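Working notes for the structure below.
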Amino acid sequence: MSDVAKRNAAEAALKLVEPDMVLGLGTGSTAAIFVRLLAEKVSQGLKIIGTPTSEATDKLARSLGIKIVSPDELTRIDLTIDGADEFDPDLNLIKGGGAALLREKIIAEASDRMVVITDPTKQVDALGQFPLPIEINAFGSELTRHRIHNRLADVGLGDAPSSWRMATGESLLHTDGGHLILDLACGRIADPKALAALLDDLPGVVEHGLFIGYADQVIVGETSGARIVNPRRG
């Protein structure tokens, strides 16, 4: 995705921001452009409050002069702007490429509205081409991994391989919350809701990157502008 397309998506999302909103601020390269554009508006007098989905976003927003509060100080969020690794015709998402999926889902669930900013390559007929991130507690992590694979056949993914995400060299990546990320190469997820329910039911799985029913709208940035995708009806 070109920087021009990313900026076009972020600029379109910025038009949804109204004074005195509480905004969930997403994680990733396109979300970072949105944060920078938002900061320009703040410097011009726009009054909003932001709450971040990652330590990286928190640091960036504060450095640009955006007022940031902890989610613990809030009871609700007006609007969250975040990216996605994939979205389908129902606006179900795969997220977690930036290893912030738990915090992203906490913020998205508490939001009155979630708008995704992304590019055309993330639009798919069925989720699964992008490996599904699964956030796992470090205690018993290999046991949890085996438990996941023992049950994947129930949703037609018995042969799906998985790998622990690495940080640098031979070091496992740890999320902001200290968890591990297992990337599951699904290929195609025939029933995202069933897979989400399977993962939700397993102790040791802290969260997964299937965001089912969270996104209200997707803004797809292109070099010539941006287009709006609404969920399929019927």
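The values are calculated or read from the model by the stated rules, or taken from the named source; none is laboratory data. What you see is a predicted model; the values in this text were computed from it and never measured. In this analysis, Cβ positions are derived from the backbone assuming ideal geometry, glycine residues included, and neighbour counts consider all displayed protein chains.
Remarks
- Scanning segment 142-161 for any residue that is polar (S, T, N, Q) and crowded, with 16+ Cβ neighbours inside 10 Å turns up at least one such residue.
- Scanning segment 44-76 for residues that are touching a residue at least 12 places away in the same chain (Cβ under 8 Å), closer than 16 Å to LYS15 by Cα and surrounded by fewer than 15 Cβ atoms within 10 Å (Cβ to Cβ) turns up just one, LYS47.
- With respect to the conditions (1) buried (at least 19 other Cβ atoms within 10 Å of the Cβ); (2) more than 17 Å from the chain's Cα centre (by Cα), ASP20 falls short on a single one, namely (1).
- Within this structure, GLU109 fails the test of being of a type outside the set (Val, Ile, Thr), within 22 Å of ILE181 (Cα to Cα) and crowded, with 24+ Cβ neighbours inside 10 Å.
- Filter result for GLY96 (outside the structural domain of ILE181 (by TED's automatic domain parsing) and assigned to a loop (DSSP other than H, G, I, E, B)): yes
- Given (1) assigned to a loop (DSSP other than H, G, I, E, B); (2) of a type outside the set (Ser, Thr, Tyr); (3) out of contact with any Leu (no Cβ under 6 Å at 6 or more places or on another chain), index of the condition ALA215 fails: (3)
- Look at (1) in a strand (DSSP E or B); (2) over 26 Å from SER70 (Cβ atoms); (3) touching a residue at least 60 places away in the same chain (Cβ under 8 Å); (4) not β-branched (Val, Ile, Thr) and you find that LEU143 fails only one, number (1).
- For segment 42-56, a tally of residues being out of contact with any Asp or Glu (no Cβ under 7 Å at 6 or more places or on another chain) and assigned to a helix (DSSP H, G or I) returns 3.
- Being in contact with a Lys or Arg (Cβ under 9 Å, 6 or more places away or on another chain), part of a helix (DSSP H, G or I) and either modelled with pLDDT of 95 or more or not assigned by TED's automatic domain parsing to the domain that holds LEU64 (or both) is a property that does not hold for ALA39.
- Screening ILE33, ILE81 for residues that are under 16 Å from the mean Cα position of the chain (by Cα), under 27 Å from VAL124 (Cβ atoms) and part of a strand (DSSP E or B) leaves exactly one candidate, ILE81.
- Check on GLY169, touching a residue at least 24 places away in the same chain (Cβ under 8 Å) and either outside the structural domain of PHE87 (by TED's automatic domain parsing) or not in a helix (DSSP H, G or I) (or both): no
- Residues of segment 116-140 that are surrounded by 20 or more Cβ atoms within 10 Å (Cβ to Cβ) and assigned to a strand (DSSP E or B): VAL116, ILE117, THR118, LEU132, PRO133, ILE134, GLU135, ILE136.
- Residue that is over 18 Å from the mean Cα position of the chain (by Cα), more than 19 Å from TYR214 (Cβ to Cβ) and modelled with pLDDT of 95 or more, where the choices are SER63, SER2: SER63
- Just one of the listed residues (ILE219, ILE189, ILE228, ILE181) is under 30 Å from LYS15 (Cα atoms) and outside the structural domain of ILE107 (by TED's automatic domain parsing), and it is ILE228.
- Check on ASP176, of a type in the set (D, E, K, R), in a strand (DSSP E or B) and either assigned by TED's automatic domain parsing to the domain that holds ALA153 or surrounded by fewer than 14 Cβ atoms within 10 Å (Cβ to Cβ) (or both): no
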